[in-house]
Amino acid sequence: MATDEPAPAPAAVAPSPAGGDHSPAFSFSIWPPTQRTRDAVVRRLVDTLAGDTILCKRYGAVPAADADPAARAIEAEAFDAAAATGGAAATVEEGIEALQFYSKEVSRRLLEFVKSRSADAKADPPSEEAQPPAAPEAEAAA
């Protein structure tokens, strides 16, 4: 059955302000990162240290048993450094700056770690166990 009554007009939607909806129920904070994000950074560092990466090919892979504590230390030190300089970011821009600093610190500390580990490995002479045994003729001649 068709009626001659006009359909109701759709409810008017007020346009949102130029910056979007700034309702107090929504809160956005980029700094500090959540624990879940920090854990993801640690997992990625472990993969980078122990995996098949360019870094490992150049400086040598880190055994998985050593990679996890090293990754946790790198992340924690970078976070502490960023927190000390960025503190509690009052604005999104300050949060972005703190997050960028944190990211750069993670990268810098990762590179320092693999370089120092590589330098230590080159500086340490091979142990007696790692060297092949002397030929019996050489011992007899002495």
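The values are calculated or read from the model by the stated rules, or taken from the named source; none is laboratory data. Remember, predicted model here, so these are calculated numbers, not experimental data. Every residue, glycine among them, receives a Cβ derived from its backbone with ideal geometry; neighbour counts consider all protein chains shown. The area values use the complete protein model at the heavy-atom level, side chains included, leaving out ligands, DNA and RNA. Shrake-Rupley method; radii C 1.70, N 1.55, O 1.52, S 1.80 Å.
Observations, loosely collected:
- Residues (among the hydrophobic types (A, V, I, L, M, F, W, C) and either modelled with pLDDT under 95 or closer than 19 Å to P69 by Cα (or both)) located in segment 100-124: V106, L110, L111, F113, V114, A119, A121, A123
- The residue of segment 29-49 that is modelled with the lowest pLDDT, among those that are open to solvent by 40 Å² or more (accessible area, probe 1.4 Å) and of a type in the set (A, V, I, L, M), is I30.
- Residue count for segment 16-28 satisfying the condition of being modelled with pLDDT under 60 and among the aliphatic types (A, V, I, L, M): 1.
- Residue check for F79: over 15 Å from P33 (Cβ atoms) and either touching a Lys or Arg at 6+ places or on another chain (Cβ under 9 Å) or surrounded by 18 or more Cβ atoms within 10 Å (Cβ to Cβ) (or both): no
- Tally of residues being open to solvent by less than 70 Å² (accessible area, probe 1.4 Å) and part of a helix (DSSP H, G or I) across segment 50-65: 4
- Counting the residues of segment 82-95 that are open to solvent by less than 70 Å² (accessible area, probe 1.4 Å) and either touching a Ser or Thr at 6+ places or on another chain (Cβ under 6 Å) or among the hydrophobic types (A, V, I, L, M, F, W, C) (or both) gives 4.
- For segment 90-102, the criterion of being within 19 Å of D39 (Cα to Cα), among the hydroxyl-bearing types (S, T, Y) and in a helix (DSSP H, G or I) is met by at least one residue.
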